[in-house]
Amino acid sequence: MPTPRPATIGLGVGLYLAGVFMFALNDALGKWLVKDYGVGQLMMLRSIGAAVVLAPMMIALRPRLLDVGDTPLQILRVLCISADTFSFYWATRTMPLADVMTFYMAAPLIVTALSAPLLGEKVERFRWIAVAIGFVGVVIALRPTPQMFSWGSPLALFGATMFALGQTLTRKLRGAHWLQLTVWQFAGGALIGAATVPFAWTRPNAFDLGLMALVGVVSMVCYVFITRALALARAAVLAPLQYSAILWASLMGWLVWRDAPTLPIILGNAVIIGGGLYLAARGRMEGSAVE
């Protein structure tokens, strides 16, 4: 029996939320490592870490990696995601993580805008409202600093745009095997990172090397979840869920660094949750659980 559409979209939402959590964990680990290591070096070594986990999957599932449909779109997707990764890590070297995240929280707006012209998907008015509410909540919570307007700002905005375009292309290529998309994505990132190694290489100690491998595993799981989610549900449905990243970032800050949530973070998260509840309520009313 085929999976009912509401259940399919519900699974997509669950996978996307799990992927956003993995994104938050990946961002924290990456911010920690790029203080001492080159961005390209981290991209290359994290891809090697991801390959350790991807190899058994490829052996078991045997996807046709070379049987690539829509080759130009596949290449463009790899370039967009690699540019997003490179830009994010590089921006965190000169800007606070919270400020970089503020720029990346513009991605749901970009994904929602692109889903209509590039994917032919309908974007209801209430989804635009939910996205805007979420962005307001993020700005309240993160309290952008003057450094947000430094030279690193255009890089962070470029990375957010590439992230949004990469997600849109992932949705467009949903007919491809999820493992094929994941493998080529990390292979492209590894090649781009390797090209920079002759210009910036720092020998990592055993602990940091393990962390880089962990970043690879975390990011691989993250992209698998995101890729599968975008194959199951519309981009406009999933995009506002990215705002849950600020919730995870606040929780990690408290658990790991004992950063007690401030009043702006509490208020901002309340606005984000309110936007999510509004989206869920209107989605049920509009019967939008079915594509």
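A few points about this structure:
Here is a yes/no grid of residues against (1) at pLDDT below 75; (2) part of a helix (DSSP H, G or I); (3) not basic (Lys, Arg):
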| position | (1), (2), (3) |
| --- | --- |
| Trp248 | no, yes, yes |
| Gly253 | yes, yes, yes |
| Val256 | yes, yes, yes |
| Leu279 | yes, yes, yes |
| Ser288 | yes, no, yes |
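- Positions within segment 140-154 being at pLDDT 75 or above and open to solvent by less than 50 Å² (accessible area, probe 1.4 Å), in sequence order: Ser153
- Meets criteria (out of contact with any Gly (no Cβ under 9 Å at 6 or more places or on another chain), under 17 Å from Thr196 (Cα atoms) and acidic (Asp, Glu)) for Asp36: yes
- Taken over segment 203-235, the residue count meeting the criterion of being touching a residue at least 60 places away in the same chain (Cβ under 8 Å), part of a helix (DSSP H, G or I) and small (Gly, Ala, Ser) is 6.
- Scan of segment 45-75 for residues that are hydroxyl-bearing (Ser, Thr, Tyr) and surrounded by 15 or more Cβ atoms within 10 Å (Cβ to Cβ), ordered by number: Ser47
- Candidate set: segment 76-97, residues that are open to solvent by 30 Å² or more (accessible area, probe 1.4 Å) and touching a residue at least 60 places away in the same chain (Cβ under 8 Å); chosen: the one nearest to Leu33 (Cα to Cα): Trp90
- Of all residues in segment 155-186 being of a type in the set (Ser, Thr, Tyr) and open to solvent by less than 10 Å² (accessible area, probe 1.4 Å), the one that is farthest from Leu61 (Cα to Cα): Thr168
- Odd one out for Leu11 among (1) under 28 Å from Thr94 (Cα atoms); (2) open to solvent by 40 Å² or more (accessible area, probe 1.4 Å); (3) part of a helix (DSSP H, G or I): (1)
Yes or no, residue by residue, for (1) in a loop (DSSP other than H, G, I, E, B); (2) of a type in the set (A, V, I, L, M, F, W, C); (3) in contact with a strand residue (DSSP E or B) (Cβ under 7 Å, 6 or more places away or on another chain):
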site: Ser153; (1), (2), (3): no, no, no
site: Phe158; (1), (2), (3): no, yes, no
site: Met162; (1), (2), (3): no, yes, no
site: Gln167; (1), (2), (3): no, no, no
site: Thr170; (1), (2), (3): no, no, no
site: Gly175; (1), (2), (3): yes, no, no
site: Phe186; (1), (2), (3): no, yes, no
site: Ala190; (1), (2), (3): no, yes, no
site: Trp201; (1), (2), (3): yes, yes, no
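- Within segment 26-78, being under 18 Å from Gly159 (Cβ atoms) and acidic (Asp, Glu) holds for one residue alone: Asp27.
- Scanning segment 196-235 for residues that are open to solvent by less than 10 Å² (accessible area, probe 1.4 Å) and among the small types (Gly, Ala, Ser) turns up Gly216, Ser219, Ala229, Ala233, Ala235.
- Residue in segment 91-101 that is assigned to a loop (DSSP other than H, G, I, E, B) and not hydrophobic (A, V, I, L, M, F, W, C) present: yes
- Long-range neighbours under 8 Å by Cβ, at least six apart or interchain, first residue under 15 Å from Ile75 (Cβ atoms) within segment 155-171, second of a type in the set (Lys, Arg): Gly166/Arg77; Leu169/Arg77; Thr170/Arg77
- The set of residues from segment 206-235 being in contact with a Gly (Cβ under 6 Å, 6 or more places away or on another chain) and not aliphatic (A, V, I, L, M) comprises Gly216, Cys222, Phe225.
- Restricting segment 236-248 to residues that are over 13 Å from the mean Cα position of the chain (by Cα) and buried (at least 22 other Cβ atoms within 10 Å of the Cβ) leaves a set whose member that is farthest from Leu114 (Cα to Cα) is Val237.
- Residue that is surrounded by the fewest Cβ atoms within 10 Å (Cβ to Cβ) [pool: residues in segment 110-131 that are without any contact (Cβ under 8 Å) to a residue 40 or more places away in the chain and within 15 Å of Gly275 (Cα to Cα)]: Arg125
The values are calculated or read from the model by the stated rules, or taken from the named source; none is laboratory data. It should be emphasised that the depicted structure is a prediction, and the values quoted were computed from it without experimental measurement. Ideal geometry is used to build each Cβ from the backbone, glycine not excepted, and the neighbour counts take in all protein chains shown. Areas reflect the complete protein model, heavy atoms only, side chains present, ligands, DNA and RNA absent. Shrake-Rupley method; radii C 1.70, N 1.55, O 1.52, S 1.80 Å.
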